[in-house]
Amino acid sequence: MREREHKTLKQRTASGLLWGILSNGSIQLLSALFGIVLLRLLQPSDYGKIAMLLVFSNVAATLQESGFTAGLCNLGEPRREDYNAVFWFNILVSGVMYLILFLLAPLIARFYHDPELLWLSRYLFLAFFISSWGQVQRAYLFIHLMQRQTCIIAIVSLLLSGVVGVTMAYNGYAYWGLASQTIVFTLSVAVLNWCYSPWRPSLHIDLRPAFAMFGFSGKLLLTNLFTQLNAHAFGVLLGRFYGDHSAGIYSNARKWDDMCINTVNGMVSGVAQPVLTQVREERERYCRVFRKMLRFVCFVSFPVMLGIGSVAREFLLVVGGEKWVESATILSMLSVYGAFFPLTTLYSNLAISKGRSNVNLWCTVAICLIIWAGLIALRGFGIRWMVVFFVTVNILWLFVWHYFARRLVGLRLWDVLRDVLPFLLFTVAVLALTFFVCRPISSTVLRLVSKVLLAAALYLGLMWLSGARVMREAVQYLIHHDTRCE
């Protein structure tokens, strides 16, 4: 019985990881296609203006949501009163937050020394107010595992917003096109959430059920708030001290890095917590499951993310032209951060699955404060040193995460290093060999294609010849997937 249960869990985990790759991969690919077109049409300063404003809208959206979406999910079977209370809370708080930011727009423009941000900010901030009208419906879809509908909503919204953004950029509206793309996306998501969700709000407003969830959602609110502050630190500081061009150069590099991170990280976050929660009472099995997921993440994340860094210059020259070449070095450095970020997600899910969300909160707050302090102190040394600091702190913080993992489940550092280092060393060796082999190629396009194909062939070949179990299991799962599902 235990063996059959173990196989079922293993198959569900493999299936979840596979569908996570396919779903997130298709969405990120669609985003990349529109992103490539916009790179050709827009300037770094256009992206910089949007990056400088995102911290305000995202923090406002986080305060408006207040962790109540996860709070509804945590209830298991929410009542109509619970949905209704969260819905009206979102609407009321988002309306107040938009009014405050509307009035603060002149101060925001003055802070960045850019008068064009006055009405651009007031326009862009509409996005989080629009989004609040569909968040409860989105929570309903998530609670009832309506993943197909959620995927359709994302793809349709990306298509509609992408077409609007490209059309406006082509007709000379520049950063207004990027802002409109964001608004159309949030509007489309909200409308489609209403279409697919059968739940409808009532006009009876009673916020007490929402406040009753705050004991759970409050920690998530603080965690999400500091996560947003951490994610947009560069947008604020570069916009303030260096201007919209530098903010746009960094924003573009971070955008491509995040696309690849989300592809890998999406499959981890969608599977790790429920799987780890299921085995949390069996300490030895818990560690085995965690280590197996860790090996799979390293097997995928290191070659994908470090590979992006190795072709950053060729990629940006081909898709964006010379005006984006400054982003290449930044993207190469951020790819190192991106390679290790899914490991942070795994450790975070470990803490949550053991009921220790306070660990997640403490780590998020601490690293955010350290990064902000370091970036402010290094602002006079240039963007590259700021990025080096950001990447270094995030990687070293993995040892802090591991300290808590050791205390919670007895996971040994040596075992983790044995799981991680082989994939890292194989990846570095493959990319170094690829670099020297392809270096004489003069054509940028041909060098880009050659690097990608050669690195992929070498990495997969070496993994297979070395007998990497994670690769053989992945191949066997793909071959025998239909048989296992019968």
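The values are calculated or read from the model by the stated rules, or taken from the named source; none is laboratory data. Quick caveat: nothing in here was measured; it's all calculated off a predicted structure. Every residue, glycine as well, gets a Cβ built from its backbone with ideal geometry; the counts of neighbours run over all protein chains shown. Calculation scope for accessible area: heavy atoms of the full protein, side chains included, ligands and nucleic acids excluded. Shrake-Rupley method; radii C 1.70, N 1.55, O 1.52, S 1.80 Å.
Figures for the structure shown
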read-out: Cα-only radius of gyration and Dmax that characterise the stretch 382-442, units Å; value: 16.9, 53
read-out: Rounded to the nearest 10 Å², the accessible area of Tyr173 at probe 1.4 Å; value: 120 Å²
read-out: Counted charge near Phe315, where neighbours are those whose Cβ lies closer than 13 Å (Asp, Glu -1; Lys, Arg +1); value: +2
read-out: Isotropic mean projected area of the C-alpha convex hull, the stretch 161-239 (nm²); value: 8.6 nm²
read-out: In sequence order, calculated HN-Hα J values of the stretch 238-247 (Karplus, 6.51, -1.76, 1.60; Hz; x Gly/Pro); value: 5, x, 6, 9, 10, x, 5, 5, 5, 4
read-out: Taking N as its residue count, the alpha carbon Rg of the stretch 319-470 over 2.2 N^0.38 Å; value: 1.28
read-out: Computed lengthening from Trp372 to Ile155, 0.36 nm per intervening residue step minus Cα-Cα distance; value: 74.7 nm
read-out: Neighbourhood net charge (13 Å Cβ-Cβ; Lys/Arg +1, Asp/Glu -1) for Asn193; value: +2
read-out: Added length on full extension, which subtracts the Cα-Cα distance from 0.36 nm per residue, Glu322 to Ser466; value: 47.8 nm
read-out: FRET efficiency for Phe436 and Ile395, using Cβ-Cβ distance with R0 set to 41 Å, rounded to 0.05; value: 0.95
read-out: Extension gain from Arg288 to Tyr196, taking 0.36 nm per residue of separation minus the Cα-Cα distance; value: 29.2 nm
read-out: Spin-label pair Ala231/Leu30, simplified geometry with 7 Å Cα→Cβ offset, distance in nm; value: 1.9 nm
read-out: Val388-Arg79 FRET efficiency (beta carbon distance; Förster radius 56 Å; 0.05 resolution); value: 0.65
read-out: Of Lys255/Lys292; Lys292/Lys323; Lys219/Lys255; Lys354/Lys451; Lys219/Lys323, those spanning more than 32 Å from alpha-carbon to alpha-carbon; value: Lys292/Lys323; Lys354/Lys451; Lys219/Lys323
